[in-house]
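Single-structure report; data block below.
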Amino acid sequence: MATDADMNTELSSNTVGTVKPLGRLGALTDLVIERIRVSDHVAESKFGTDSPIEDPSREEQVLEQVRKQAGAVGVNPDAAVVFFRDQIAASKVVQKGLFARWTAHPEEAPTTRPDLGQIREQLDRLTTDLLQELKSTEELRDKLVACTVQLALAAGSGAALEQLDTLHRQALRTATHSVCRPSETSDRS
């Protein structure tokens with residue numbers, strides 16, 4: 001007969017790597033966290049080079065592409081741009097935080113540079129996935145109270161599951177700032 005400890009061990013070994021943020025915004029939050037994690041690689045690729053953290057022309061290119069893709073999948077392009085501005089801002093939070101850490105502690109600085117082209121491919125895939133998730137959660141995100149509760153559940157559980165440090169939790173708050181976006185005509189409950 002299996003003991004409680006045996007069952008807990010079995011449960012843990014079967015769910016490691018498959019546990020995702022909870023709630024109806026869990027999948028969206030999971031993608032946001034994945035994008036935040038990619039920001040670590042962006043920072044690694046830029047640290048110690050002439051590549052700036054702030055790149056307004058690149059950001060506008062990304063947002064224009066988001067606007068086009070959003071319309072094609074049925075997401076309000078203006079709302080998508082607002083959401084992705086938050087994603088870009090969250091990436092800057094991570095990059096600036098890591099740059100400060102690595103400058104203060106050079107022994108922690110990266111010793112290799114990931115290829116920014118490959119990182120951009122990851123970001124493009126995430127953009128597509130995030131837009132699809134924005135579309136699938138549109139009705140919930142228009143209901144302020146329900147969305148706020150679901151976002152708190154997803155963000156809290158996602159941060160805990162991913163063991164996000166203070167820097168990455170701050171980035172998650174920045175990235176999810178505009179997830180709940182009640183429309184003027186929607187039911188706000």
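The values are calculated or read from the model by the stated rules, or taken from the named source; none is laboratory data. Since this is a predicted model, take the numbers as computed values, not measurements. Counting neighbours? That spans all protein chains shown, and the Cβs are built from the backbone with ideal geometry, glycine included. All accessible areas refer to the heavy atoms of the entire protein, side chains included, with ligands and DNA or RNA removed. Shrake-Rupley method; radii C 1.70, N 1.55, O 1.52, S 1.80 Å.
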Potential extension, residue 161-residue 116 segment - 0.36 nm per residue separation minus Cα distance: 13.5 nm
Give the cross-link partners of residue 96 among the lysines, using a straight C-alpha distance below 25 Å as the criterion and excluding same-chain residues fewer than 8 apart. 46
Contour minus end-to-end for residue 20 and residue 53, with contour as 0.36 nm per residue of separation and end-to-end as the Cα-Cα distance? 8.9 nm
Roughly how many Å² of residue 112 are accessible to a 1.4 Å probe, to the nearest 10? 100
Sorted peptide list for 131-141, 85-95, criterion being average Cβ within 10 angstrom, highest first: 85-95, 131-141
Which value, in nm² and rounded to one decimal, describes the direction-averaged projected area of the C-alpha convex hull of the chain? 13.8
Go through the range 120-131 residue by residue and turn each phi into a ³J(HN,Hα) via Karplus (6.51, -1.76, 1.60, θ = phi - 60°); whole Hz please, and just put x for glycine and proline. 5, 4, 4, 5, 4, 4, 5, 4, 4, 5, 5, 4
Work out from phi, with θ = phi - 60° and the Karplus expression 6.51 cos²θ - 1.76 cosθ + 1.60, the ³J(HN,Hα) of each residue of the range 50-66, listed in order in whole Hz, and give x for Gly and Pro. 7, 5, x, 5, 7, 9, x, 5, 5, 4, 5, 4, 4, 5, 5, 5, 4
Hey, quick one: spin label on residue 73, modelled 7 Å out along Cα-Cβ, who in the range 127-162 has an amide N within reach, i.e. under 12 Å? 127-138
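In deg cm²/dmol, rounded to 500, what helix-only [θ] at 222 nm does the chain give when every DSSP H run of at least 4 residues adds -39500 (n - 2.57) and the total is split over its residues?
Per the formula, -23500 deg cm²/dmol.
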Find how much the distance from residue 181 to residue 37 grows on full extension, using 0.36 nm per residue of separation minus their present alpha carbon separation; answer in nm with one decimal. 49.4 nm
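What FRET efficiency comes out for residue 99 versus residue 149 if R0 is 35 angstrom and r is the Cβ-Cβ distance? Round to the nearest 0.05.
0.50
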